[in-house]
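The values are calculated or read from the model by the stated rules, or taken from the named source; none is laboratory data. Just so it is clear, the structure is predicted and the values come from calculations on it, not from any experiment. With ideal geometry, Cβ positions are generated from the backbone for all residues, glycine too; neighbour counts draw on all protein chains shown. Please note that ligands, DNA and RNA were not included when accessible areas were found on the heavy atoms of the full protein model with its side chains. Shrake-Rupley method; radii C 1.70, N 1.55, O 1.52, S 1.80 Å.
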Amino acid sequence: MGISRKHFIFSYCGLKAADRRGEAVEEAFCSVILHTEESEKWKLDHNINLLKNLIGSMQKDALDVALKTYVSRIYQQKNGRRIDLLLDLLEFMIENNILRDGTTNVKHEHFCKMICESLLSSDHLSYQASVMWIKTFHYIRKVIGGVDYKGCRDLLKLVLEKCTSIPVSENVCVMPRIECVLNLITYILDRNACLLPAYLAVNEITKICPEDRKWPHWKMGTLLSDFIHSFRPAAQMVTVSGRCHLLPVVGHSLSTNNVWRLSSNSLKFPLIGPLPYDKELSEPQTRLLRYVLEQPYSRDMVCNMLGLNKQIKQRCEVLEEQLVDLVVMAMERSENDDATSDEGLSQLLWQHLSSQVIYFVLFQFASFPHMVLSLYEKLKGRNLNKGRDHLMWVLLQFISGSIQKNPLKDFLPVMKLYDLLYSDDQTIPVPDINKAQSTHGMASTCIWIHLNKKAQTDKVVLPRPIPFALQEHLEYLKECLNNRNLSMSDYKIALLCNAYSTNNEYFNLPLAKLVESIYGDNKHTTLLPGNLVASAPTQPLPMSLLDSLTVHAKMSLIHGIVHRVIRQAKAKTNIANAPALVETYSRLLVYMEIESLGIKGFISQLLPTVLNSSAWGMLHTLLEMFSYRLHHTQPHYRVQLLGHLHTLSTIPHTNQNQLHLCVESTALRLIIGLGSFEVQPQLSRLLTEPSRPSFLSNESEELNRALVLTLSRAMHVTGVDNFSSSWFREILSQIMQSTPHNWPTNTLVCFPSSLAEFFTSQPAHVADKKQLRHNVETEYKKWKSLVNESDIIAHFSMQGSSPLFLCILWKNMLEENRVPSTAHKVLDRLGPRALSAHLRTFADYMVFELNNTGVSGQYLNKSIDTLNEMVWRYNIVPIDRLVLCLALRNFDETEARLCFLIIHMLLLKPQDFKMRVQEFVRENSPEHWLQSNWHEKHMAFHRKYPEKFYYEGIQDLNSPIQHQYLPIYFGNVCLRFLPVLDILLHRIIEQPTLTNLAEKILESLGILYKFHDHPITYLYNTLHYYHKLLIQKTGLKRRLVQTIMSAHQEIRPSNWFLSEDYQRFIQEDNMEWSPSLDYYVRLVGRLVDTINGKSPSPFPNCDWRFNEFPSPAAHALYVTCVELMALPTNGATVGGALLEVVLRNCTQLPREKIMSWMNAVGLLLTALPDTYWMSLNTKIAEVVTSPPLTIQGMCQPFQLFNFTESMTVLAEQNCTYLLALSHAVWHHAGIGQLSQLPQFLRETLKPIIKKEEQFLYLCHLVGPFLQRLNLERTRCLMELVVELYEILVNVDKSCDHLNYIDPIADFLYHIKYMFVGDSVKNDVEKIIRNFRQSLQIRMRFISHINIEEAMTPLSAPMST
């Protein structure tokens, strides 16, 4: 087991005794003995031999104990010579490495560290013991060079910790003790000595000496602060220029990633590493959070920014404070409003604030009593009387809904606001109850009524009576309670609901009036399409009234509606719900603050209950609501509904024409309506859930093809060519198993490469068209030969038979101009699901036949007429299903041209569909939330153009098949056709020679886009996805934009979409236009003003709850992108012009707002196709190869590249602006776009970077984005790091002298310790061996080259 601790102590004592025996004689004759050098040397050698023999016989695990014992004995000595002797013994052991010769076999570096640690860790080491203190640090200074770099790091930590024990107030006598420590620390931190990576040293310093805690003695302050300051260049290289001024756009999906993350405790950016970042980066980012909070529909982004989880209840004080500040700012704004201000907009602002407060307080991210007390403190002495009503309205929203479930004490702080805001010497008159604002004016009285009711229930007394100022309000409300004849023409009912929603005795009367106005009774009925009977009320509750109700009142109303619908679903009543009820319910689903009872209850409770009750009419109604009335539904609800629909399609009872058509139409809307940045997170999430409903169809090829197209578009727009995850291939594999199919070449060309490769590798499913014709001929002969009706029905509806019946009907109609009455019985027996397969076969057969016959002449016209009769006269197949099927078939180029010609002639040659579209668009408005007479217009259209779902055109009138029609409240053939039209236009664009066909369809049917729920998004996706195909189709691009603009001209102001410049362009015949720089400045300026909240806004104000986009900034961003992509100019030119808005026009822009302009350009470029933002790469290459970067020593790079400091002293140059602009672009970029950085470095920058300044510029460019690559694309990060090292080799060989070795080394060590670790060690080690000696020495801790090897010159330089 080796020598024991006791044995060591005895041996050590023997060593000392030998020494003392000599000393005893010396003490007796100390005055006359003269010590010679020989005697001193003998004494030292003698003790060395003793100690060497002693330690040499030890086992390794006993060495640590022995050293600690030895050190403790040193500290017990009082004689200075004896201390020197004992320390000299240790130094000799280190110098001669005697441990290698014994049984311990300890490495030299480790032994040095053990000795130093033993000395520094001793409890006896104190600055008050001056002799031992000084000798200890002098000794460590001599031997620390033998410690490895990790050991040096640990020793530095111990030294700094010891130094913290020296009081700052000590007098000058401690200076020698501090000087010896300072000497040691200076040596450790000496970059030329290179004992350890400086990065590790600064890490230890910042941990022990943070800014918010006491540093070591002031004498060391300069040394340590200067050392930390030397890392400012490295911090600058990993900092986004002007980061504090960059803002996201709520509703633009790129803004939901982690680049906007803030600390939930301090609102500070999560800065990585021990670097001395600029002060503004370390401060709370209140402006950023407040900006996001101000935006509608921003709560999810706020939770993402602060890392808040609804499942974990945690109070976030910084969020609470910002909510309070927003309310106070809104009150100040109300104080400045005049009589001309838009009252509706003011109400929407406070509606948004109340929604935010309710959400964050409800999930306990904010404390209501703390918020009220904070409001009180911030409003004291402000006299903001105009805004007090709005404030009380916000508080009423939460109080009325939560006071019954929480203790009264949580709400009593409101009493302090009464003391502050309402006087006791004069009354406030009752507001005009004919105006919606009266509900805000009476909110304070309603709060008092709720508090008083709670106090009565708890049998306590409120601390104060109602303010005298509100007495008249209270009396008025009491009078209203006695009025049984409440009118719907004013806001009296809303006032009573708001005041008494927690008092059922008084609440039931006003609520009953609301319910009565939309429920109806059994005495009065109205008709729905198909002659269905429904309850009579047709006018829904207006949005102004619903907005005037508190959240609690709305929850009571929607709760009653849902329970009524469920009761009716279970009772299977023959009378449908009143149109007023259905429309009102759809309007209530808009309110995010009642999400649990609203859309969440709709998807999770109501829909499954209706489905389980087999209430197919109610189910049809709910799907219509979702398709035509709901806005801004969160994506997880939409994907959840899609799963429900695919589950529904497998239930036998749903295999009836009208419901099947509704289910497929709703599913199609959901699939193509998925946002590009929603696809990956939502679908990959669903694949990992164990009991998920499938979002893939098992039988509908069209729906699965639509999903593939959506996947392709999402991959393209996000810039991720390959999602590089198993979920992507799993989805495609499941699709191919359920509905195997291929795509035509023209479509595959537009697919991202990985998606195209997948389908190219699949076995081709090529139908034998000649065999198909033969089969049709055979079956047609059988059709003609069979006489018995039952035989005909049995044969052609037989399960598993060839799906040829529609081919037979079409052929029969061509020959006999009629459809036998037996046909409808076969069709009815087949059912809509089986008929889908017949429709696909029919599409293939019809195109094949017409292609062989020829596309001109009488036969083609007759074929189109026959097809038209199948749709409109005989009601065999709906127009939207037929066109969708034709548009998605896999035809070769010749057949595809014929197919789209057939569609064109079917839609535009007969008048049937065109007349319906024109009539519907002329008589109706898409702004349903403003209408009270939708039902009347809806019924008028259906009476004029009734829809037949059950082959009524071919039924035998003597024995018709009876089918119960399902209620239709909103839908019609025109609205159902809109998603089909979207797909149709895309497929036509893919054909190289059918541009005129697309323009003709747009000219005739484009007016239908007036009712498109996302017209700008559709334009954006179209121009983005097909931008390479549309480069040479300027006319088509302009036609697309013009169509959307024209479709909305009656309901939108002229400035809602296109700029005045572009509107002039579309009015001209000339297709060529090269906009000047001023045009781009105006266009970008419009976006800048919108993001900054300029008033009046560049765009018309609107109710964002019903808008395509959730916020003004999102609307501005997308319409600007659409206009830029629609310009008759190539993408590189447009992208370059956007850069020039800042780079060339910078002197014309306000200097204090320059970052706002860069922010806007960054948003635009990253939202445009790659050909646009790749112009930035070209500009970077130009700047890198231009002075001052190409002339070594011409500039001070770290001053020049610091955008903020350069701007302050007016010293910025073009490269400074480009650096900041590049940061703005890449900060907003998606990870797919950012992943292209390694390729950009390898192919563009690597061959041209030869100077140190160029390399530093490159480090500044890519440094800030290493963290994001590390989180989201680790492989790309490793590729980029290797490229940096290879470029540095080129620079090293090209420059005679490197002036900034230390900042470069610090930057590379930051990458190692914060991101890559040893993952690129093997790649970079070879590269580091080719650096010059000084750089090798500094980088030796990455490559693990020892100091002797680094000092040896290379035999031959590495070729570059």
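In table form, for the structure just shown:
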read-out	value
Nearest-ten-degree value, helix 934-944 long axis tilted from longest Cα axis of the chain	50 degrees
FRET efficiency, 1/(1 + (r/R0)^6) with R0 60 Å, evaluated for Trp218 and Ser1095 via beta carbons	0.70
Virtual spin-label span in nm between Gln364 and Thr573, 7 Å along Cα→Cβ	4.1 nm
Coordinate range along principal axes, alpha carbons of the range 272-412, Å, largest first	53, 39, 30
Placed amide H near Ser802: partners under 5 Å, 5+ positions off or other chain	none
Cα centre as origin, Lys/Arg/Asp/Glu Cβ charges: the range 1246-1351 dipole, Debye	180 debye
Around Asn1290: net Lys/Arg minus Asp/Glu count, Cβ-Cβ under 12 Å	0
Segment Glu1050-Lys405, length gained on full extension (0.36 nm per residue, minus Cα span)	227.3 nm
1.4 Å probe accessible area per residue over the chain, in Å²	40 Å²
Karplus-derived HN-Hα couplings along the range 448-456 (A = 6.51, B = -1.76, C = 1.60, θ = phi - 60°), whole Hz, x at Gly and Pro	4, 5, 5, 5, 5, 4, 5, 5, 5
Chain lengthening between Asn49 and Cys244 when straightened (0.36 nm per residue, less Cα-Cα)	63.5 nm
Only Lys, Arg (+1) and Asp, Glu (-1) charged, at Cβ; the chain dipole about Cα centre in debye	2100 debye
Relative packing of peptides 174-187, 896-909, 697-710 - highest average C-beta neighbours within 10 Å first	697-710, 896-909, 174-187
Protection proxy ranking of 1008-1016, 1051-1059 - average other beta-carbon atoms within 10 Å, highest first	1008-1016, 1051-1059
Of all accessible heavy-atom area on the range 365-457, the percent that carbon and sulfur account for (1.4 Å)	48 percent
Spin-label model distance (nm) - Lys380 vs Lys769, 7 Å beyond Cα toward Cβ	8.6 nm
Over the range 347-472: Rg over Rh, Cα atoms, Kirkwood Rh	0.94
Backbone HN-Hα couplings from phi across the range 1017-1034 [Karplus 6.51/-1.76/1.60, Hz, Gly and Pro as x]	4, 5, 4, 4, 4, 5, 5, 6, 5, 9, 4, 6, 6, 8, 4, 8, 10, 4
Long-range tail of P(r) for the range 919-1071 (Cα pairs > 27 Å, %)	37 percent
For the range 218-251 versus the range 177-194, the gap between their alpha-carbon centres in whole angstrom	25 Å
HN-Hα J in Hz across the range 514-522 - Karplus 6.51, -1.76, 1.60, θ = phi - 60°, x for Gly and Pro	5, 4, 4, 6, 10, 6, x, 9, 7
For the range 900-1000: Kirkwood Rh in Å [reciprocal of mean 1/r, alpha carbons]	16.3 Å
Principal semi-axes in Å for the chain [√(5λ), Cα gyration tensor, largest first]	72, 43, 30
Around Ala536: net Lys/Arg minus Asp/Glu count, Cβ-Cβ under 14 Å	-3
Simple label model, 7 Å out from Cα along Cβ direction - Asn522 to Ile312, nm	5.6 nm
Cβ-defined net charge surrounding Tyr1079, 12 Å radius [Lys, Arg +1; Asp, Glu -1]	-2
Per-pair calculated FRET efficiency, R0 = 25 Å: Lys435 and Asn485 via Cβ, rounded to 0.05	0.75
Fully extended contour minus Cα-Cα distance, from Arg829 to His653, at 0.36 nm per residue	62.0 nm
Calculated FRET value between Thr36 and Ser1319, using beta carbons and R₀ = 56 Å, to 0.05	0.35
Portion, in percent, of the accessible area of the range 641-784 that falls on carbon or sulfur, probe 1.4 Å	52 percent
Cα centroid separation, the range 1109-1140 to the range 274-303 (Å)	26 Å
